[in-house]
1. Assuming a ≥ b ≥ c are the square roots of the Cα gyration tensor eigenvalues, decide whether the stretch 235-355 counts as rounded (a/c under 1.5), prolate (otherwise, with a/b larger than b/c) or oblate.
2. If you find the alpha carbon centre of the stretch 1-53 and of the stretch 89-128, how far apart are they in angstrom?
3. Please express the Cα-Cα pair-distance distribution P(r) of the stretch 1-139 as a list of whole percents, one per 5 Å bin, running from 0 to the bin with the greatest distance.
4. Report the accessible area of PHE139, computed with a 1.4 Å probe over the heavy atoms of all protein chains in place, in Å² rounded to the nearest 10.
5. Determine, for each peptide in 261-270, 290-299, the mean count of other beta carbons within 10 angstrom over its residues, then list the peptides with the highest first.
6. May I ask you to derive the relative contact order of the chain, considering only C-alpha pairs under 8 Å and at least 6 residues apart, and to give it as an integer percent?
7. Using +1 on the beta carbon of Lys and Arg, -1 on that of Asp and Glu, and nothing else charged, what's the dipole of the stretch 1-139 about the Cα centre, debye to 20?
8. Could you give each residue of the stretch 87-101 its phi-based ³J(HN,Hα) in whole Hz, using Karplus coefficients 6.51, -1.76, 1.60 with θ = phi - 60°, and x for Gly or Pro?
Amino acid sequence: MSSVRTEFLPMLKIAVPVVMAELGWMTMGVVDTIMVGPLGPEAISAAGVGNSMHIAFAIFGMAVMLGLDTLVSHAYGARDIRDCHRWFFDGLMLAGLMAVPIMTLLGLVWLAIPSLGFHGAVRPLLETYYGVLLLSTPFLLAYAVCRRYLQAMHAVTPVMFALVTANVINAGGNWVLIHGHFGFPALGVAGSAWATVISRAYMLSTLLFAVWWIDRKRTRQAGIDGHGLWHVDRAFNAARLRRLLSLGLPAASQMGAEVGVFALATAMSGMLDPISSAAHQIALNMAGVAFMVPLGMGSAGAVRVGHAVGARDRERAWASGWTAILIGTGFVLVAALAFVLIPRQLIGLFSKDAGVLSVGASLLLLAALFQLFDGLQGVITGTLRGLGDTRTAMIVNLVAHWLIGLPTGYVLCFVIGWGVYGLWVGLSLGLIIVGVILLYVWTQKIRDYREGGAVRLAEPQLH
């Protein structure tokens, strides 16, 4: 019988590379912020706001592919490898279809930047940075398909390798293109954006190769030539895409609601003075790095719970979910302690400006207050996805962040006059509400499933 103790090592085996991949993903934005730091608070603000505005839209398309966590892991748990392969090509088809409307929306936002009220010193830098960064969108959508497929097939090491090496490429590209080394022109913040585009194209290329290589290796080991990745039906299948969307759209809405509210808060901070905006971006980067661990644990939990559901092992599903939750929340408590004990030293990694150090350190103390709840909701969103539930987290995030947290932050910031601190109080309130509600929902759902309840996906299994 499975227990948290017996699930601990299997969970870590898949979680460590996934967490490293999440940290690698977040580190890209952190590296950009550090590398443009010497250009001043205005450059930090432009890079931070530009990244947030871009990812607020791109993350929606990427998060639609979260439905592959459920579909591929259930098929893999049931040992239906051909169905896993078919979902991979369905995902690529959907990514291609979504690229056009998302790129169109990003272009419209770029055109609107001059009229959005950004600080005069930040606006021209933001236009340049964001205009380059949006070119990375198609790479991100296809990368998301490859990543979800590989993770659900228990092939997580290539994802970690791609992101770690992409960070090396991004850091080197920043150094060369921002300052003009090796005969390249000094492009400033635009150079940072180009480095990010190049590194994201590299990530996609690496994972496409990994998908091909791993399938080839496993097919040969199993002695089933003629049944590999390229021997399944790859034709357009509207019913399968609808099924992927039925799981992916709620997951994307949840992710979009959470990321979008932080992106909008970052955009609002760009309307404040450059010191407040830069401090907000740096503190948000630090909180974001800490959040990558529970987010990665949530992805690992989604896969482990999904495998157990596919194998109809109720005890293992229960144990896998609680194991992911305990590990993820344990880490964020340690991170919160660091935010309390050494806030100025952490902010000092990004900027030596006295104003930025003072405001940023205060914001990290606020971040310490919501870390537990942020970690809880990050992991539980994943474990619920393993059960096939992507709608609950969507609804809770929409209500808590957009109807309560963000309006509260806006009023405290711009009406009452608390400035950037008011924004963070509102963000914290939203995260606390989401964490408490999702913990209750998970407890009820996993208990019901463990006692014999059914996992109901949006549509019946398609073959």
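The values are calculated or read from the model by the stated rules, or taken from the named source; none is laboratory data. Values in this document were obtained by computation on a predicted structure and should not be read as measured data. Using ideal geometry, Cβ is built from the backbone for each residue, glycine included, and neighbour counts are taken over all protein chains shown. Quick note on the areas: whole protein, heavy atoms, side chains included, nothing else; ligands and nucleic acids left out. Shrake-Rupley method; radii C 1.70, N 1.55, O 1.52, S 1.80 Å.
1. On the way: a/c = 4.19, a/b = 1.60, b/c = 2.61.
Note, shape of the stretch 235-355 comes out oblate.
2. The distance from the Cα centre of the stretch 1-53 to that of the stretch 89-128 comes to 22 Å.
3. 2, 8, 13, 15, 15, 13, 10, 8, 7, 5, 2, 1, 0
4. That residue has around 70 Å² of solvent-accessible surface.
5. Details: 261-270: 22.7, 290-299: 27.5.
Highest-to-lowest ranking by the protection proxy: 290-299, 261-270.
6. Values: 795 pairs, mean separation 106.4, N = 463.
Across the chain, relative contact order equals 23 percent.
7. Values: 6 positive and 9 negative charges, 45 e Å.
Dipole of the stretch 1-139, to the nearest 20 debye: 220 debye.
8. The phi angles translate into 5, 4, 6, 4, x, 4, 4, 5, 4, x, 5, 7, 4, 5, x Hz.
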